[in-house]
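Inspection log for the structure reproduced underneath, given as structure tokens.
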Amino acid sequence: MKSIEVKASTIEEAIEKGLAELGKNKEEVEIEIIDMGGFLKKAKIVITERQSEGQKAQEFIDRLLKKMNFDISSELEENEEKALIMLSGKDSGKIIGYRGDVLDAVQYLSSVIANSEGKRFKKIIIDCEQYRIKREKTLISLADKLADKAVERGRKVSLEPMNPFERRIIHSALQKNTNVTTESEGEEPNRFIVITPNNIKTRYNDNKDNKRPRYNDSAKDNNTRTQPKKSFGSFGSYLGNSKSGFAKDNSFVKKSGFDNLKD
């Protein structure tokens, strides 16, 4: 943050002079009045550039990395809609964590701090060694394969539990696929996606009204209930168990980039 001391005949002139020197408007700075001025005495102020949301997030991350003794540096790219902070260094694996759970936690905390004033909301994205880009490509490929598998079998396919970021990628990847639909089921942190093919097969077609019988013929005499078979397969082994569902403020998550999630 750049800070300058400005003197002028009046406070208004000092503010105008300081804004011109910094190339900022009043919304982008903080003004501290040191002396109101008066007869034969100039007014004096200190004018300081206000931190952007991205700068606040980057400052928090840099302090966090230093306290954790991680050899990682950060770079900030920011515009009016979002701020992207790229991390890189020897300890990249530690800040990414298992399936990106540590990275997700850092991103969430950074967003809370960056948008704490509540005047406006800016999306904060934290990435490390392009992990999110690579992960997104993997998930899109997985979504396409499982959609084809669901259509081929005519059965629902359920994925392993995923965090909101990963579920959003799956939903988006299959949104234009006219052969399937996707829905999220379950509760956090075990919420997962179910892919349903449009050609889903209905079992027990010979039964009236297509209702599933509660007992089979061999079990009637023994009055023994048979366990219904599962109507869809599980493909959780494609990714392994995800543990990135940390606790969040739902109202904040809705604003922080997950509001497009088809939940």
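The values are calculated or read from the model by the stated rules, or taken from the named source; none is laboratory data. From a predicted model like this one, the values you see are computed outputs, not experimental measurements. FYI the Cβ positions are ideal-geometry reconstructions off the backbone, even for glycines, and counts take in every protein chain you see.
Failed condition for Gly93, given (1) more than 18 Å from the chain's Cα centre (by Cα); (2) farther than 30 Å from Pro161 by Cβ; (3) among the small types (Gly, Ala, Ser), with all others met?
(2) is the only condition that Gly93 fails.
Glu27: part of a loop (DSSP other than H, G, I, E, B), of a type in the set (Asp, Glu), over 25 Å from Glu166 (Cβ atoms) and free of Cβ contacts under 8 Å to residues at least 60 places away in the same chain, yes or no? Quick ask: steps written out before the conclusion?
Numbers: part of a loop (DSSP other than H, G, I, E, B): no; of a type in the set (Asp, Glu): yes; over 25 Å from Glu166 (Cβ atoms): yes; free of Cβ contacts under 8 Å to residues at least 60 places away in the same chain: yes.
No; evaluated as a whole, the condition is false for this residue.
If the requirement is being in contact (Cβ under 8 Å) with a residue 60 or more places away in the chain and not small (Gly, Ala, Ser), which of these qualifies: Ile61, Ile33, Ile72, Ile85?
Details: Ile33 fails: in contact (Cβ under 8 Å) with a residue 60 or more places away in the chain; Ile72 fails: in contact (Cβ under 8 Å) with a residue 60 or more places away in the chain; Ile85 fails: in contact (Cβ under 8 Å) with a residue 60 or more places away in the chain.
Going through Ile61, Ile33, Ile72, Ile85 in turn, just one is in contact (Cβ under 8 Å) with a residue 60 or more places away in the chain and not small (Gly, Ala, Ser): Ile61.
Out of curiosity, is Ser88 more than 19 Å from the chain's Cα centre (by Cα) and either crowded, with 17+ Cβ neighbours inside 10 Å or among the hydroxyl-bearing types (Ser, Thr, Tyr) (or both)? Can you show your working first?
Numbers: more than 19 Å from the chain's Cα centre (by Cα): yes; either crowded, with 17+ Cβ neighbours inside 10 Å or among the hydroxyl-bearing types (Ser, Thr, Tyr) (or both): yes.
Here the answer is yes, as Ser88 does meet what is asked.
Regarding the stretch 65-79, can at least one residue be identified that is in a helix (DSSP H, G or I), at pLDDT 90 or above and in contact with a Ser or Thr (Cβ under 9 Å, 6 or more places away or on another chain)?
Within the stretch 65-79, the first condition is being in a helix (DSSP H, G or I), and the residues that meet it are 65-67.
Then keep just the ones that are at pLDDT 90 or above; that gives 65-67.
When the remaining residues are screened for being in contact with a Ser or Thr (Cβ under 9 Å, 6 or more places away or on another chain), the result is 65.
Yes, the conditions are met somewhere in the stretch 65-79.
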